[in-house]
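Take a look at the structure below.
The values are calculated or read from the model by the stated rules, or taken from the named source; none is laboratory data. Here the structure is a predicted model, which means the values were calculated and not measured. Cβ coordinates were reconstructed from backbone atoms using ideal geometry, including for glycine residues, and neighbour counts include every protein chain displayed.
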Amino acid sequence: MKKIVSLVGARPQFIKEALVGAYASTQQKWDHVVVHSGQHYDANMSDIFFSELHIPRPKYFLGVGSGTHGAMTAAVLKATEEVLLAEKPAALIVYGDTNTTLAGALAAVKLHIPVVHVEAGIRMQPATMPEEINRVVTDRLASTLCCCSELGKQNLAREGIEKGVWVTGDIMYDVFQQMEHLFVTKDVCAPYGLSHDGFIVFTLHRDYTVDCPVTLKSILQELGEVQKNMGLPVVWPVHPRVKKRIREFGYEALAQKFIVVDPLGYVELMSLIRAACFVITDSGGLQKEAYYARKRAVVLMPDSGWQELASSGWNIVSPPQEKRLCLDCMRVTEHCPYPQDVYGNGTAVIRIAEAVLDTVAATGSKI
Ligand code: UD1
């Protein structure tokens, strides 16, 4: 059996890896070696996903931790190169748009190891956003590009990338479907004194939003208005980056108005979303997960990579600078027909595995 290395490092990647690794192993498709960069390292940002989603212990933990973009990317690049030289895999799988994704892809292509990019072809403004830079460069480096929808394929074609492109559907939908029986809504509401459909789930983590004191303050003030006007309590699992900024900027009093909790595991967060009235987020993954849970989302970003959800009206893009949060939260509670099967039917992993095996057969590893 050929050996494939799968590189993860941040929360959304653990979720995707869970199914790709399980499928490769149970179906004996390839020898699957998991490498964890250590970009996310807190127990509730990392370990909890491994235990909940039954991901085997990674063979390598690179322990890169936090740092500037350059320092983090360089650390993952260097450490991944060592792993690839030792393992000599037939391909490297990377996921999404993090610094780990970009660094891994770069290490592999320089060693002539083909790169499979899962969640390829997403494009959004601003182009200077770190995640956008990571996505665009990784797509250029990858020889196999797995897109969640036709839109990803079209975005790549516009940039002249047509070879090795697969429309696989979204692996996060596969995971959601397979775990759905665990999302017991009743249990999750009780500890917070919430009622079904009677609260909002809110998350925030983008650096260009939370690192700016003016933007963060205005979002928290607007969110306070939403909570008061709509009579819906806000549950906020706070990302470590935001926790630091709240302390630094002295915004504790603003944050205290909400039900502030530590970052949640996958099952608890999905259960909360299923029970919520709607979601407010700047997370790419959560926008889609809200849709899978049949809940609408206000997307607190200048743009959304998940254009299908925005253009169908299901999700509403609300750029923080435009200060439309109150209005957009009212709009998101109005009726909107559910857009069916936008990102496949929950069998993306089968197509992704096909793409991986096709890559290996076509190119092999020259290492
Ligand atoms: C990263 C990804 C983003 C992804 C997100 C998911 C990049 C550029 N960004 O953003 O695409 O959507 O993960 O959550 O790769 N920290 C901790 N504990 C941890 C992890 C981080 O305290 O376990 C702190 C770090 O010290 C840092 C901050 O959180 O101050 C940000 O972490 P980082 O990994 O740089 O980026 P995210 O904002 O999580």
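Side notes on the structure shown:
- Residue selected from the range 38-70 under the condition among the hydroxyl-bearing types (Ser, Thr, Tyr) and over 21 Å from Ser25 (Cα atoms), by the criterion farthest from the ligand (Cβ to nearest atom): Thr68
- The set of residues from the range 175-190 being within 21 Å of Arg11 (Cα to Cα) and either crowded, with 20+ Cβ neighbours inside 10 Å or among the hydroxyl-bearing types (Ser, Thr, Tyr) (or both) comprises Val175, Phe176, Phe183, Val188.
- Residues in the range 309-326 that are surrounded by 14 or more Cβ atoms within 10 Å (Cβ to Cβ), out of contact with any helix residue (DSSP H, G or I) (no Cβ under 6 Å at 6 or more places or on another chain) and assigned to a helix (DSSP H, G or I): Ala310 alone.
- Leading residue by the ranking (surrounded by the fewest Cβ atoms within 10 Å (Cβ to Cβ)) among those in the range 192-215 that are under 11 Å from Thr281 (Cα atoms) and of a type in the set (Val, Ile, Thr): Thr203
- Verdict on Ile4 being out of contact with any helix residue (DSSP H, G or I) (no Cβ under 7 Å at 6 or more places or on another chain), modelled with pLDDT of 95 or more, more than 10 Å from the ligand (Cβ to nearest atom) and of a type in the set (Val, Ile, Thr): no
- Residue match in the range 165-182 (condition: over 18 Å from the mean Cα position of the chain (by Cα) and over 28 Å from Ala18 (Cα atoms)): no
- Considering only residues in the range 258-294 that are among the acidic types (Asp, Glu) and in a helix (DSSP H, G or I), the one that is farthest from Cys326 (Cα to Cα) turns out to be Glu268.
- Residue match in the range 264-284 (condition: touching a strand residue (DSSP E or B) at 6+ places or on another chain (Cβ under 7 Å) and polar (S, T, N, Q)): yes
- A single entry from Ala103, Ala79 fulfils the requirement of being within 16 Å of the ligand (Cβ to nearest atom), over 28 Å from Gly346 (Cβ atoms), touching a helix residue (DSSP H, G or I) at 6+ places or on another chain (Cβ under 6 Å) and not β-branched (Val, Ile, Thr): Ala103.
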